[in-house]
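What follows is a single structure, written as structure tokens, with notes after it.
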Amino acid sequence: MTQSPRKTSPAHKPLSASFIARVGLMAALALIFSYVEAIIPYNPGIPGIKLGIANVVTVVALYKFGAKDAAAVSVIRVVLAGLLFNGLFGMLYALAGALVSLTGMILLKKTGLFSVTGVSMAAGVLHNLGQLLVAAALIEDLRIFFYFPVLMFSGIAAGILVGIISSLMMRALR
């Protein structure tokens, strides 16, 4: 008696080997960038300010391969970096920022109205907003949003830098 091949519904489509390999390589690269950023003695004297160079990989993944790849790369990188460098609360803040910024990037990219740098700049601001939302929930104090203007400007600056580097990388990858 032979068994017929197992049928899968579109909702339960198995992941392809190329998707797993592509996401694994990009997540590893993003994790290396996270590590480099963690060891760089960069401290502008303002808490919560980072360059976010690992986000270059997420932006490139979004534009080259799509939202599914970008989401997988982002979540894998944030969870692994949290376990290795940032601890549980650092991971929680980074995950909230990553999910809010990734959602914003996907929506803004779909409009077709923004450049890669514009989308990245918005993502930098949204990342900081996501982190402040978690902080406000954890400390149960909305006054933390008074810090948002500082984080907004740093998010704009980091987003522009990440967007420019991402654009250059995508041009080189053609």
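The values are calculated or read from the model by the stated rules, or taken from the named source; none is laboratory data. Given the structure is predicted, the values throughout are model-derived calculations rather than measurements. Glycine gets a Cβ as well: all are built from the backbone with ideal geometry, and neighbour counts include every protein chain shown.
Applying the selection to segment 53-89, what residues are farther than 14 Å from Tyr35 by Cα, of a type outside the set (A, V, I, L, M) and surrounded by fewer than 16 Cβ atoms within 10 Å (Cβ to Cβ)?
Selection gives Gly66, Lys68, Phe89.
Of the conditions (1) farther than 24 Å from Ala21 by Cβ; (2) surrounded by 20 or more Cβ atoms within 10 Å (Cβ to Cβ), Ser167 clears all except one; give me its number.
(2)
So for segment 107-118 (the condition being in contact (Cβ under 8 Å) with a residue 40 or more places away in the chain and under 15 Å from Leu51 (Cα atoms)), does at least one residue qualify?
yes
Listed residues Leu151, Leu126; which is in a helix (DSSP H, G or I), at pLDDT 95 or above and under 19 Å from Ala54 (Cβ atoms)? Working first, answer last.
Details: Leu151 fails: at pLDDT 95 or above.
Among Leu151, Leu126, only Leu126 is in a helix (DSSP H, G or I), at pLDDT 95 or above and under 19 Å from Ala54 (Cβ atoms).
Looking at segment 64-85, I want the residues that are touching a residue at least 24 places away in the same chain (Cβ under 8 Å) and have a partner that is surrounded by fewer than 16 Cβ atoms within 10 Å (Cβ to Cβ) with Cβ atoms under 6 Å, at least 6 apart or on another chain. Which pairs are those?
The qualifying pairs are Phe85/Ala38.
Return yes or no: is Leu133 in a helix (DSSP H, G or I) and free of Cβ contacts under 8 Å to residues at least 24 places away in the same chain? Outline the logic, then answer.
Numbers: in a helix (DSSP H, G or I): yes; free of Cβ contacts under 8 Å to residues at least 24 places away in the same chain: no.
So Leu133 fails the test.
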